[in-house]
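Let me begin by handing over the structure; questions about it come next.
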Amino acid sequence: MSKSGRSRPRLVAEKRGAGTRKKTTRRSTRRKPSPRKRRGLLNRLFRWVGRLIWAVTWRVTAVVAIILGLTVFYTYTTLPDVREVLDGRSRGSVTLRDQDGEVFAWRGDQFGGAVTADSVSPYLRDAVIATEDRRFYRHFGISPKGVVGAIVINLREGRGPFSGHGGSTITQQTAKLLCLGVEYDPAQWESEQDYVRDCRRTTLWRKAKEAIYAMAMEVKYSKNEILSIYLNRAYMGGGAFGAEAAAQRYFGKPAAALSAQEGAMLAGLLTAPSRYAPTTNLARAQARAATVLRLMAEQGYLTQSEATAAQANPATLSKAAQAQTGGYYADWVMESGPDFFTRDTTEDVIIRTTLDQRIQRAAEEALQAVFDDKVKEGSKAQAAIVVMSADGAVRAMVGGRDTNVVGAFNRATMARRQTGSAFKPFVYATALEMGYGPQATVMDEPFCMNIPGSGRWCPENYSRRHYGRVTLTEALKRSLNVPAVKVADAVGLDLVRKVASDFGIESDLAAGPALALGASESTLLEMTGAYAGILNGGSSVTPYGLVELRLLGESEPLMGAGGGIGERVIREEAARQLTWMMYQVVEDGTGGRARLPGIEVAGKTGTTQAARDAWFLGFTADYVAGVWMGYDDNSPLSGVTGSGLPAEIWHETMKRVYEGQTPRPLPMMRPVARQQPTDLDGTGGTGRERRPRGNAVERILRDLLGVGADR
């Protein structure tokens with residue numbers, strides 16, 4: 001019953017079904033991975049690579065950070081105290097003051113004294129930050145964003161990545177000013193310029209070292225200390241290093257008292273000190289300052305109304321800064337002192353001088369006025385002026401038409417030119433010293449001499465005319481050549497040479513009779529000093545400008561005046577007589593264009609052969625002034641003599657000098673009315689040819705004075 005009631009499945013069917021299931025299972029294990037599984041594999045691969053990169057990166061970064069940290073720490077240990085790096089100059093400064101104690105020129109590297117970020121005007125501090133590094137108080141010494149931006153700008157402008165814009169922070173700029181701690185060593189560098197040039201290099205390696213040094217500074221110093229170093233060491237044009245020197249140089253005030261527009265002008269200098277220096281181009285400096293004021297307003301340091309008001313009233317230069325550099329006068333004074341206290345000084349030096357800025361302006365304005373009105377446009381002719389007191393104290397000096405210069409050729413002190421008839425007063429001074437009077441006579445006539453070794457020489461008057469027997473006064477007044485040669489021959493050329501030399505003409509004086517006509521060369525300064533000897537009564541003078549030299553902060557001077565009145569050359573009576581004769585030159589002779597209404601003037605014109613040089617030298621009771629005019633290449637002047645433009649320049653100068661001044665009478669001695677004329681040349685009017693000879697008076701003077709025949 002049980003068998004018949006149960007149905008069993010077929011064995012074949014079961015096996016086939018089992019086989020089918022097995023086959024199906026094998027096919028499922030060979031199926032391709034699904035996209036989800038593939039993504040999982042890739043993710044696991046990327047995670048593994050990422051972990052590998054991270055493992056390498058953090059280890060490398062750690063190593064680099066350790067090395068960088070050690071390098072920064074080592075650099076930190078080498079940094080000096082902040083007070084030791086405020087003054088970074090390699091040489092000292094020279095400040096020149098006029099006769100009233102006012103500053104008129106600077107030389108060397110100016111440093112007005114150490115300032116701090118807290119002691120300077122807040123306008124200056126804010127202007128520097130706004131212009132140079134707006135994130136200064138937020139970065140750690142370097143600004144990667146700024147560097148990348150600068151590289152992009154440089155490449156866009158066609159320069160190298162580190163040429164032009166540097167993207168440097170104030171800290172990096174300060175590191176560069178410190179030359180990354182490398183001090184100047186004369187044994188290592190050919191010159192200081194090479195050292196500075198190396199400090200300013202912008203290679204990639206140099207930038208890396210600069211960044212390390214900057215970060216070390218951030219660790220060593222506070223932000224304000226870093227800014228203080230920067231404000232003290234930065235060059236701000238005009239020879240000024242640091243904010244204090246620049247404030248004094250341009251505005252005549254301390255850095256703490258600067259206005260917004262003044263602070264902006266100084267901050268604007270940091271980009272290009274020479275280009276934006278207000279003494280170079282005030283308008284350009286003011287335009288740059290206006291840009292800085294705009295930046296200050298944009299960054300919240302000024303309100304818009306404050307910035308607008310400052311832009312509308314730009315900073316201007318002080319009177320001393322307007323005088324530029326002191327020009328030729330300052331250069332001359334610098335040369336007159338010892339090099340180790342002037343041109344090569346390592347100290348800060350104060351020099352008081354004899355300069356009168358009012359007279360200096362008068363001379364410069366007079367020269368400009370005459371050239372503007374009387375000289376054709378484009379002329380290359382030059383001129384020089386010297387004004388001094390009777391004791392040789394130089395009150396003004398113009399060495400050329402371009403007055404705002406430094407280190408230029410000074411025609412007043414360096415140019416040795418023939419003096420022409422301006423030398424004749426020393427011929428007549430010799431005659432007066434020997435006892436002849438202004439009314440002594442000499443024959444003006446055709447005249448020749450035989451010069452040993454040279455042959456026959458026949459001097460002629462400029463006018464080609466002769467006037468017969470004339471007094472010494474008339475001969476000088478008309479600047480006659482023949483009488484001057486005769487007088488020099490009569491009194492002795494040796495004595496004439498000695499008198500001129502003793503009066504201060506140090507140049508080699510001609511040995512022959514042409515000496516009387518100014519064949520020798522001299523400088524304008526020498527000639528003016530020699531005329532000062534006539535004014536002061538016959539004593540020599542040494543022209544000088546330096547009155548006192550002392551170190552900054554010291555009360556006792558290291559040296560005093562190096563010039564003044566020297567030994568007597570001729571008697572006072574002779575000097576007063578000569579002054580009267582020279583007064584006639586201006587009143588009724590060749591120097592008429594120099595005449596000043598209401599002021600007594602004595603002087604003498606001078607024109608050399610072919611009019612290559614034209615002179616006028618003269619004096620009032622108060623001042624002696626000399627004017628020279630000519631070409632630097634010694635070309636002849638066209639239509640110019642000493643009685644022309646030089647006399648007019650002299651007139652225009654002294655007219656301005658005496659504005660508002662009360663003149664004094666000249667110290668001169670008029671001839672006695674009953675004085676008998678003396679025949680000085682002893683020709684008796686025969687006009688015969690004469691040879692150079694000595695005379696009894698000369699021999700007597702030689703015996704009394706010990707004058708050697710070879711002088």
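The values are calculated or read from the model by the stated rules, or taken from the named source; none is laboratory data. From a predicted model like this one, the values you see are computed outputs, not experimental measurements. Neighbour counts run over all protein chains shown; Cβ positions are idealised from the backbone, glycine included.
How many residues are in contact (Cβ under 8 Å) with a residue 40 or more places away in the chain and touching a Ser or Thr at 6+ places or on another chain (Cβ under 7 Å) when one looks only at segment 567-588?
Residues meeting the conditions: 4.
Here is a further query. Being assigned by TED's automatic domain parsing to the domain that holds ALA475, in a strand (DSSP E or B), touching a residue at least 40 places away in the same chain (Cβ under 8 Å) and over 17 Å from SER501 (Cα atoms), is that true of even one residue in segment 532-543?
no
Which condition number in (1) more than 30 Å from the chain's Cα centre (by Cα); (2) at pLDDT below 95 is the one that ARG612 fails?
So the condition that ARG612 fails would be (1).
Any residue that is at pLDDT 75 or above, of a type outside the set (A, V, I, L, M) and closer than 30 Å to VAL349 by Cα - is there at least one of those in segment 42-64?
No; the residues of segment 42-64 include none that is at pLDDT 75 or above, of a type outside the set (A, V, I, L, M) and closer than 30 Å to VAL349 by Cα.
Which of (1) within 18 Å of GLN368 (Cα to Cα); (2) not in a loop (DSSP other than H, G, I, E, B) does GLY618 not meet, given it meets every other one?
So GLY618 meets the others, but not (1).
Yes/no matrix, rows are residues, columns are (1) part of a loop (DSSP other than H, G, I, E, B); (2) loosely packed, with under 12 Cβ neighbours inside 10 Å:
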residue: LYS176; (1), (2): no, no
residue: ASP185; (1), (2): yes, yes
residue: ASP194; (1), (2): no, no
residue: ARG197; (1), (2): no, yes
residue: TRP205; (1), (2): no, yes
residue: GLU210; (1), (2): no, no
residue: VAL219; (1), (2): no, no
residue: ASN224; (1), (2): no, no
residue: TYR230; (1), (2): no, no
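Hey, another quick one. Is there any pair with a first residue in segment 491-502 that is touching a residue at least 12 places away in the same chain (Cβ under 8 Å) and a second that is of a type in the set (S, T, N, Q) and part of a helix (DSSP H, G or I) whose Cβ atoms are under 8 Å apart and which are 6 or more apart or on different chains, and what are they?
Cβ pairs passing all conditions: VAL491/THR430; GLY492/THR430; LEU495/THR430; VAL496/THR430; VAL499/THR430.
Please work out if ALA214 is surrounded by 22 or more Cβ atoms within 10 Å (Cβ to Cβ) and at pLDDT 90 or above.
Judged against the criteria, ALA214 is not a match.
Report, by residue number, each residue of segment 342-373 that is more than 29 Å from ALA240 (Cβ to Cβ) and surrounded by fewer than 14 Cβ atoms within 10 Å (Cβ to Cβ).
ASP372, ASP373
Can you find a residue that is among the polar types (S, T, N, Q), touching a residue at least 24 places away in the same chain (Cβ under 8 Å) and within 21 Å of GLY606 (Cβ to Cβ) anywhere in segment 446-460?
The answer is no; no qualifying residue exists.
Can you find even one residue in segment 325-342 that is touching a Lys or Arg at 6+ places or on another chain (Cβ under 7 Å) and among the hydrophobic types (A, V, I, L, M, F, W, C)?
Yes, segment 325-342 contains a residue that is touching a Lys or Arg at 6+ places or on another chain (Cβ under 7 Å) and among the hydrophobic types (A, V, I, L, M, F, W, C).
Another one. Inside segment 575-596, can you point out the residues that are farther than 19 Å from GLY626 by Cα and either surrounded by fewer than 22 Cβ atoms within 10 Å (Cβ to Cβ) or not assigned by TED's automatic domain parsing to the domain that holds GLY435 (or both)?
Within segment 575-596, ARG576, ASP588 meet the criteria.
State whether one or more residues within segment 250-268 are part of a helix (DSSP H, G or I), free of Cβ contacts under 8 Å to residues at least 40 places away in the same chain and among the hydroxyl-bearing types (Ser, Thr, Tyr).
There is no residue in segment 250-268 that is part of a helix (DSSP H, G or I), free of Cβ contacts under 8 Å to residues at least 40 places away in the same chain and among the hydroxyl-bearing types (Ser, Thr, Tyr).
Is there a residue in segment 592-608 that is more than 15 Å from LYS477 (Cα to Cα), of a type outside the set (S, T, N, Q), assigned to a strand (DSSP E or B) and at pLDDT 90 or above?
yes
I'd like to know if segment 682-693 contains one or more residues that are in a loop (DSSP other than H, G, I, E, B), under 52 Å from the mean Cα position of the chain (by Cα) and modelled with pLDDT under 55.
yes
Within segment 369-387, is there a residue that is outside the structural domain of LEU637 (by TED's automatic domain parsing), assigned to a helix (DSSP H, G or I), under 16 Å from MET654 (Cβ atoms) and free of Cβ contacts under 8 Å to residues at least 60 places away in the same chain?
Within segment 369-387, not a single residue is outside the structural domain of LEU637 (by TED's automatic domain parsing), assigned to a helix (DSSP H, G or I), under 16 Å from MET654 (Cβ atoms) and free of Cβ contacts under 8 Å to residues at least 60 places away in the same chain.
Can you tell me how many residues in segment 494-525 are outside any loop (DSSP other than H, G, I, E, B) and not β-branched (Val, Ile, Thr)?
16
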